[in-house]
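Every read-out reported here was derived from the displayed coordinates using simple, explicitly stated rules and does not represent laboratory data. Everything quoted here is computed from the prediction, not taken from an experiment. Methodologically, a virtual Cβ is constructed for each residue, glycine included, from the backbone with ideal geometry; neighbour enumeration extends over all protein chains shown.
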Amino acid sequence: MCGICGAISPHSWRDKKHAEAITIQMSDAISHRGPDGAGNYVDWPAGVALGHRRLAIIDALHGQQPIVHKPSGVTLVFNGEIYNYKALRSELVSVGYDFTTESDTEVLLLSYVHWGDACFEKFLGMFACALWDPRNQTLICARDRLGIKPFYFYYDENNFIFASEIKSIHCHPAYKKEINTEGVFDYSRYGYIPGEHTVYNDIYKLTAGSILTVKLGRDKNIQLNKQLYWQLGSEMPDQNSSSVTLNEAAQIRDELHALLADAVSSHMVSDVDVGVGALLSGGVDSTLVVDLMARNNSDISAHNVQFGQVAFDESKHASQVASLLGIQYSQENVPSDMCDDIEHIICHFDEPFADASAVAMYYLSQSASKRYKVCLSGDGGDELFAGYNWYAELLKFKAADDRLPHQGRSLVASIGRKTLSHSRRGSLFFSNLDRSFAERHDALVSVFQCGWAKSLLSDDALSLLKDTVTGKAYPPNRIRDLYNASPFGEDEIKNAQYADLTSYLIDDVLVKVDRMSMAHGLEVRVPLLDHRVVEFAFSIPTSMKIDGNQRKILLKQLLKDKYGTMFVNRPKQGFSVPLYEWLTTDLFHLVDHYLLANGKTTRSGYFKTDEVTKLWWECKHRRGRVDLSNNIWLLVCFEVWHNNLGV
């Protein structure tokens, strides 16, 4: 795992030394991603510069980057791991290629030299990379199928700038910070920014499973071309969601278990002396991963973090799992001086980001990094096997559709929208009874539903938003659109899973895991997101994943022989934190300073103070209302980010 950066800027560099100095500055901005080494490369005639920060895991002595294939001049910077690199290396050796290292980096480089763009379809792994090919004056950029590793880029007709984190792009003199108002609205809806856009104008995320070709023309102008090399559902067999026979169900369980065992085994490859650890919450997903890890190597250690509050503490379950497996287990408390770190944690994302579990992930990674450079986690299980609460809510909508005629649902929904405030329990369900499943799902996964978000924005912010989205759908509903783009037909749950996989997983969960782990130089691998597991999971009938309030049925069945009914009736906790308690005690100073100051708007100018103050009152007086702590946290994170933006 590493950090990469670079640019094609033939009109921005003063000379070669200037190009080198800026590239070093860009790579230093992400030095936390690679504390074990640094390197850079400049092709001065072309105006190309590449930078790298290294976290040494495979071939620690000889895996330095950038790496150059001398016969062709192709040069690579690469972040991630290729788990099947040994098999690919053998294949390349058999056709005459010589290797100078034992690293997966050199395998990626020579795979491109041999197969060209087709090489990316051969990789099992997580990666983001850039290859400068001087033979045709192109920079080939690629990202793994599930978007596990980040790749951001800025583009204008004279510059192409890329990096693992946005803070690196900000170091380039050609980029000037400008806020993307449409990104602000997306954030105010979901607590993160889904899709290819970011909160900054002209900075984008490379789509998961895609290749971006950057062509440098004779007059030094830059042209981009993007293509997908993988898309979920594009070549999958048509599966229905009906019940299956006992023999079919047993066959599916066996095949899934074999796939998971192979994925976990391949993800444990490492040359570093300290081996591979595990992040163990005690829930279904992480328990399954750790169980499979222990079958490969009993000399592993599992890590957990606790908050000192029973309602949010899964450490008892994690400790019990570790004891049953006979592995080492450690846990640490979130420190009492946590408030000193909070603004740093918020700003580390470079964009407004409101997933409060990032705080837990930060301290969990800090703890695990004291012993390990590599850990495995269970992320992805909720999206693949229907673990989220909102999937059960969608089934309630489906039951209502079956029992009530459309006219009746429309009447109830109309009354609900007129009489129930957004914060009242039941409001979301009743207000969406007459809407499509795509709209219902969008509402369920939103922090602020569309109308609610608009009511919070200041007049100036709304005016900017209208100007930004002129000629487009207004206001945008990103998750609804992804649901409608699902290739899985009329299966409401599978369509919701598809939307979550292509939005919440990539742009929230994996961002959180990457930033918080790499802040401590820790590589976290996610074996459940091996693309073979993902494809198989989406081919499984929905009835084997969810039935009423029972979710992740299939994964629980895989664990039943060893763990009995430990996971059957336990309510889902997720990686939750005691956010309400924090906001009303240790972190109240943030609420007070950023949200409750005098004036028509909050300090950023984006939100109305009177609406925010009302929301805070409703958050504190919770009787009859949903928990609004995530809504307040969304606003706090935005204000902290904006205050530290430096525009």
(request) Quick one: go through the range 204-220 and flag any residue whose amide nitrogen is under 16 Å from the point 7 Å out along the Cα-to-Cβ line of Leu228. (result) 206-212
(request) At 7 Å along the Cα-to-beta-carbon direction for both Ser265 and Trp390, put a label point, then send me their distance in nm to one decimal. (result) 3.7 nm
(request) Find out how many positive minus negative residues lie around Thr601, taking Lys and Arg as positive, Asp and Glu as negative, among other residues whose Cβ is under 13 Å from that of Thr601. (result) -2
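For the pair Glu91 and Asp254, what calculated FRET efficiency results from E = 1/(1 + (r/R0)^6), where r is the Cβ-Cβ distance and R0 = 35 Å, to the nearest 0.05? Could the numbers behind the result be given before it?
Working: r = 29 Å, r/R0 = 0.84.
Rounded to the nearest 0.05, the efficiency is 0.75.
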(request) First select every other residue whose beta carbon is under 9 angstrom from the beta carbon of Tyr152; then total the charges, Lys and Arg +1, Asp and Glu -1. (result) -1
(message) Largest first and in whole Å, what are the equivalent-ellipsoid semi-axes of the chain based on the Cα gyration tensor, each being the root of 5 times an eigenvalue?
(response) 38, 31, 25
(request) Using a/c under 1.5 as the rounded threshold, could you call the range 381-503 rounded, prolate or oblate? The axes a ≥ b ≥ c are square roots of the C-alpha gyration tensor eigenvalues, and prolate needs a/b larger than b/c, oblate otherwise. (result) oblate
(request) Please give the contour-minus-distance gain from His32 to Asn333: 0.36 nm per residue of separation, less the Cα-Cα distance, rounded to one decimal in nm. (result) 106.0 nm
(request) Compute the distance in nm between two label points, each set 7 Å from the Cα along the Cα-to-Cβ direction, one at His18 and one at Ala46. (result) 2.1 nm
(request) Please label the shape of the range 1-116 as rounded, prolate or oblate, based on the square roots a ≥ b ≥ c of the eigenvalues of the alpha-carbon gyration tensor (a/c under 1.5 means rounded; beyond that, a/b larger than b/c means prolate, else oblate). (result) oblate
(request) For Lys167, list the lysines whose Cα falls under 22 Å from its own Cα; do not include residues on the same chain fewer than 8 positions away. (result) Lys17, Lys149, Lys176, Lys177, Lys205, Lys512
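Please report, in cubic angstrom per residue, the volume enclosed by the convex hull of the alpha-carbon atoms of the range 130-279.
Enclosed volume per residue, from the Cα hull, is 219 Å³.
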(message) Give me the three principal axis extents of the range 463-556 from the C-alpha atoms, as integers in angstrom, largest value leading.
(response) 50, 43, 25
(message) Suppose a student asked you for the relative contact order of the chain, using Cα pairs under 8 Å spaced at least 6 residues apart; what percent would you report?
(response) 15 percent
(request) With a cut-off of 16 Å, note down the residues of the range 1-36 whose backbone N falls inside the zone around a label point 7 Å from the Cα of Thr101 toward its beta carbon. (result) 1-5, 34-36
(request) Indicate the gyration tensor shape class of the range 190-229 (rounded, prolate or oblate), computed on the Cα atoms with a ≥ b ≥ c the square roots of the eigenvalues: a/c under 1.5 is rounded; otherwise a/b larger than b/c is prolate and the rest oblate. (result) oblate
(request) Provide the per-residue ³J(HN,Hα) series for the range 2-14, in order, calculated from phi with Karplus coefficients 6.51, -1.76, 1.60 and θ = phi - 60°, each as a whole number of Hz, with x at glycine and proline positions. (result) 8, x, 10, 7, x, 6, 10, 9, x, 9, 9, 6, 6
(request) Express in nm, to one decimal, how much length is gained between Asn221 and Lys454 on full extension, taking 0.36 nm for each residue of separation and deducting their alpha carbon distance. (result) 79.9 nm
(request) Please work out how much length the chain gains when fully extended from Lys418 to His621, using 0.36 nm per residue of separation minus the C-alpha to C-alpha distance, in nm with one decimal. (result) 70.9 nm
(request) With a Förster radius of 41 Å, plug the Cβ-Cβ distance of Lys466 and Glu121 into 1/(1 + (r/R0)^6) and report the FRET value to the nearest 0.05. (result) 0.45
(message) If you average the C-alpha positions of the range 91-112 and of the range 158-187 separately, how far apart do those two centres end up, in angstrom?
(response) 35 Å
(request) Mind giving me the FRET efficiency for Gln320 and Asp561? R0 is 22 Å, r the Cβ-Cβ distance, nearest 0.05 is fine. (result) 0.85
(request) May I ask for the longest run of the chain untouched by GluC sites (Glu not before Pro) that are loop-located per DSSP and have at most 15 neighbouring C-beta atoms (other than their own) within 10 Å? (result) 236-489
(request) Treat each spin label as a single point 7 Å out from the Cα along the C-beta direction, and report the His406 to Glu581 distance in nm. (result) 4.9 nm
